[in-house]
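Note sheet for the following structure.
Read-outs: derived from the displayed coordinates by stated rules, not from any lab. Every value quoted in this text rests on a predicted model; they were computed, and no experiment measured them. Cβ atoms come from the backbone with ideal geometry, glycine included; neighbour counts cover every protein chain shown.
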Amino acid sequence: MTTSTAQLLVRKYRWRYAGMIGYYLQRVTGLALLGYLLLHVHTINLLKDPAKFDEALATFRSPLFKLAEIGLLATVILHALNGIRLTMVDCGVGLTKQRQIFWCFAIGVGAILFLAGAIPMLMHINFQGAK
């Protein structure tokens, strides 16, 4: 792919299809959060036995689980901020600037919030194994 083709694709998808990208992101993140909620409720139900609870805590301390938590953080932030943007558009606020709001608010502010939450989580990952 040449530079001019790449620039054309970036220009094309940056603004024109931002609404559709937001639409599909909202659906995908919503389904992911629903799946997480069902898994969470199922796991909580299984932790009535103290031995199973201690095993689960050891699993929750693993680096892979911590990375999954960071992914959950990203999903929640993106879903929430895009939902606010969609609500604003539905109410007629910023209707003509909805693409710019998507990139600045849902993605820009979302990235800042994600970094503010993910960096402390990354600092507490024990890559040597759970203690």
Please find the FRET efficiency linking LYS97 to LEU72, where r is the Cβ-Cβ separation and R0 is fixed at 35 Å, and quote it to the nearest 0.05. 0.70
Once you've got the GNM for the chain with C-alpha springs shorter than 10 Å, pick whichever of ILE77, ILE44, ILE112 has the biggest mean-square fluctuation. ILE44
Please get the size of the charge dipole for the chain, origin at its Cα centre, with Cβ charges of +1 on Lys and Arg and -1 on Asp and Glu, quoted in debye to the nearest 20. 580 debye
Hey, what do the phi angles of region 18-32 turn into as Karplus ³J(HN,Hα) couplings, whole Hz, using 6.51/-1.76/1.60 and θ = phi - 60°, x for Gly and Pro? 4, x, 6, 4, x, 4, 6, 4, 5, 5, 5, 5, x, 5, 5
In whole Hz and in residue order, list the ³J(HN,Hα) couplings for region 95-109 that follow from phi through the Karplus curve 6.51 cos²θ - 1.76 cosθ + 1.60, θ = phi - 60°; x for Gly and Pro. 4, 7, 10, 5, 5, 5, 4, 4, 6, 7, 8, 5, 8, x, 5
Give me CYS91, CYS104 sorted ascending by neighbouring Cβ count inside 10 Å, so fewest comes first. CYS91, CYS104
When HIS40, HIS124 are ordered from fewest to most other Cβ atoms inside 10 Å of their Cβ, what list results? HIS124, HIS40
For a quick size check, give me the Cα extents of the chain along its three principal axes, largest first, whole Å. 56, 38, 25
Roughly how tilted is helix 63-90, in degrees to the nearest 10 and between 0 and 90, from the longest Cα axis of the chain? 40 degrees
Lys pairs under 22 Å by Cα in the chain, provided they are eight or more residues apart or on distinct chains: 4
Nearest 500 deg cm²/dmol is fine: what mean residue ellipticity at 222 nm does the chain get from its DSSP H runs of n ≥ 4 alone, each adding -39,500 (n - 2.57), divided by its residue count? -24000 deg cm²/dmol
Mind listing the phi-derived Karplus ³J(HN,Hα) values for region 37-52, rounded to whole Hz, using 6.51, -1.76 and 1.60 with θ = phi - 60°, and x for any glycine or proline? 4, 5, 5, 5, 5, 4, 5, 4, 5, 7, 9, 6, 7, x, 5, 5
